[in-house]
Structure formats: structure tokens, C-alpha cells
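Here is the structure we will look at.
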Amino acid sequence: MLENIRKGKTKQPPRLLIYGSEGVGKSSVAANAQSPIFVPTEDGLDQIDCESFPLSKSFEEFISYLTALANEEHKYRTVVVDTIDWLERLIWDHCCLAYGVRSIEKVDGGFGKGYIIALTYWRQVIDLLRILRDQKGMIVVLLAHAKVENFADPESSPVSRFSPRIHKAAASLVSEWVDAVLLATRELGASRGVKGGDRIFRTIGSPSCVAKNRYSLPEILPLDWNSLIQAMSASLKKEK
């Protein structure tokens with residue numbers, strides 16, 4: 001068993017969660033990734049020049065598309081789930097059907113049990129995405145809409161902050177798995193060479209937004225794929 005111990009960092013394709021308001025440009029950014037294939041759970045790709053599976057109308061359909069990417073030979077280097085908040089609706093519908101109820105709140109007798117049971121299906125999704133990354137060498141990009149939630153900061157007064165529009169249990173699971181959670185938004189004022197009104201990534205969490213990254217990225221980056229990848233590459237070179 002000791003022969004299986006690994007030492008040092010391993011270079012793997014990034015796993016990214018990009019979230020933001022409607023129309024900010026999340027899908028356009030992902031469409032500029034390396035050889036992307038979209039797995040859509042909502043309409044909205046009509047104006048994006050990309051290749052995609054048909055719209056997933058059930059959790060089973062969604063899983064079948066990821067399974068095809070895992071089992072078949074293909075040219076794609078990036079898988080884009082657009083969006084995970086609509087994927088969550090498919091997961092909830094799947095749970096409701098399994099338990100013969102109409103609301104996730106009623107699954108397994110209620111009291112929040114439905115949200116915990118839904119994590120089983122989220123893990124199924126992550127397991128397939130892990131195969132695509134580890135065995136197929138694919139970049140994973142998860143897109144989501146943003147919501148505003150109340151956040152009680154122990155060091156200050158309660159504030160409102162942006163977060164991905166999925167249940168907190170699912171958000172915790174997904175955010176822990178990905179390498180970066182990035183808020184796609186607009187800069188309110190000039191900052192670090194970025195003009196006010198420009199579309200940006202926020203890469204570091206704060207009382208105003210959920211964000212993180214494992215690449216030591218600058219706090220603000222232009223909202224485009226090349227800028228993001230260049231910043232990630234520069235960070236990895238510094239660590240060598």
C-alpha cells in the first residue's frame with residue numbers, strides 16, 4: 001500500500017463554478033473554453049455559437065448525456081453544465097417521483113429530508129464529472145444563476161450577499177468539489193485597471209459574495225475565458 005502514496009502536486013484540468021445574473025455572459029465565457037460541449041438543463045443557448053446535447057427534460061436524460069461523454073470517444077475537452085440550478089429542479093422532480101409526492105418539502109415525510117436525499121443524486125453527477133475530468137482529461141464548467149441571501153457575518157452586522165441559486169446543502173457539496181467558485185458580475189467603479197461597468201469575475205469570497213479559488217487568482221479579473229486561464233497558468237508557474 002505504501003507504494004501507492006503520491007507526493008507533490010498533480011496537474012489536473014480545472015473544475016469551475018461560474019454564477020451570476022441573467023445575461024451577464026456566463027454561457028458566452030464557457031463557449032470560449034477549449035472544445036466545449038454544453039449539457040443544457042434550460043433554454044437559452046440559441047444565441048450562443050456552441051455544440052450541445054438536446055435540452056435535458058429529466059434527471060435520467062441529463063445523466064445519460066454525461067454517461068455518453070464518459071463511455072464514448074469524442075473530440076470535446078470541456079463539459080459545460082448550463083445551469084446547475086435548473087439541474088437541481090430535475091433532481092427534485094426525480095426525488096418527488098420516487099416518493100410519490102409533489103414537493104421536495106414532502107419527500108420522505110418532510111422536515112428537510114428531501115434536500116438531504118437530493119444530495120445522493122448530486123453525488124451521482126459529481127462522480128460522472130470526476131470521470132470526465134480524471135479519465136477523459138476534460139475541464140468541468142458548472143454555470144448557475146445568482147441569488148441574494150442574508151448572511152450573518154460573525155465579525156460584522158448581517159448583510160446581503162450573492163450566492164449560487166441552489167439549496168445550501170447542494171451548494172456546499174458542489175463548492176467543496178470545484179477548484180474555483182467565481183461570481184460573474186459588473187464592476188461598480190474603476191478598480192485595478194478595470195473600468196466601472198465592465199464585466200468581471202470576482203474570485204475571492206467576501207461579505208458581499210460567495211467566491212473562492214485554489215489558484216491564488218487576483219481578486220478581480222475581466223470576464224473572459226482567456227483572461228481566466230492566463231491568470232490560472234501564471235499562478236501555477238509561480239508555484240513551481
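Which links in K26/K113; K113/K147; K11/K147; K113/K212 stretch past 30 Å when you go from one Cα to the other? Working shown, then result.
Working: K26/K113 32 Å; K113/K147 23 Å; K11/K147 33 Å; K113/K212 28 Å.
From the list (K26/K113; K113/K147; K11/K147; K113/K212), the Cα-Cα distance tops 30 Å for K26/K113; K11/K147.
Exactly which trypsin sites (Lys or Arg not before Pro) in region 27-82 are in a DSSP loop and have at most 13 other Cβ atoms within 10 Å? Provide the component values of the computation, followed by the final result.
On the way: sites: K57, K75, R77; in loops: K57, K75, R77.
Those that pass, being in a loop and sparsely packed, are K57, K75.
What do you get for GluC sites (Glu not before Pro) in region 1-102 restricted to DSSP loop and a cutoff of at most 13 other Cβ within 10 Å of the site's Cβ?
Details: sites: E3, E22, E42, E51, E60, E61, E72, E73, E88; in loops: E22, E42, E72, E73.
Loop-located and lightly packed - E22, E72, E73.
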Comparing D108, D134, D46 in a Gaussian network model of the chain (Cα, 10 Å), the one with the largest mean-square fluctuation is D46
C209 long-range amide H proximity, modeled H, under 5 Å = F162
Which FRET efficiency value, to the nearest 0.05, do you get for E72 and D43 by plugging their Cβ-Cβ distance into 1/(1 + (r/R0)^6) with R0 = 25 Å?
-> 0.45
Give the long-range amide H neighbours of M138: residues separated by 5 or more places, or on another chain, with amide H under 5 Å away, using H modelled in the peptide plane at 1.01 Å from N.
-> R133
Between the DSSP loop rule and a limit of at most 13 other Cβ atoms within 10 Å, which GluC sites (Glu not before Pro) in region 91-180 are left?
-> E155
Where labels lie 7 Å past Cα in the beta-carbon direction, separation of D224 and Q12 in nm | 3.0
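Could you work out the relative contact order of region 47-131, using alpha carbon pairs under 8 angstrom and six or more residues apart, expressed as a whole percent?
25
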Which of the aspartates and glutamates could a cross-linker bridge to K75, judged by Cα under 14 Å and excluding same-chain residues fewer than eight apart?
-> E51
In the chain, helical segments from DSSP H whose Cα atoms cover 15 Å or more along their own axis and that average at least 1.6 on the Kyte-Doolittle scale are none
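Using the Cα gyration tensor of region 70-228, with a ≥ b ≥ c the square roots of its eigenvalues, what is the shape: rounded (a/c below 1.5), prolate (a/b larger than b/c) or oblate (neither)?
Oblate shape, in that a/c is at least 1.5 and b/c is the bigger or equal ratio.
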With the chain treated as a Gaussian network of Cα nodes joined by springs under 10 Å, which of V140, V178, V148 yields the largest mean-square fluctuation?
-> V148
Which of A152, A70, A118 moves the most in a Gaussian network model of the chain with Cα springs under 10 Å?
-> A152
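Read the figures in this text as sums done on the coordinates, not as results from a lab. Please read these numbers as outputs of a predicted model, since none were measured by experiment. Every residue, glycine as well, gets a Cβ built from its backbone with ideal geometry; the counts of neighbours run over all protein chains shown.
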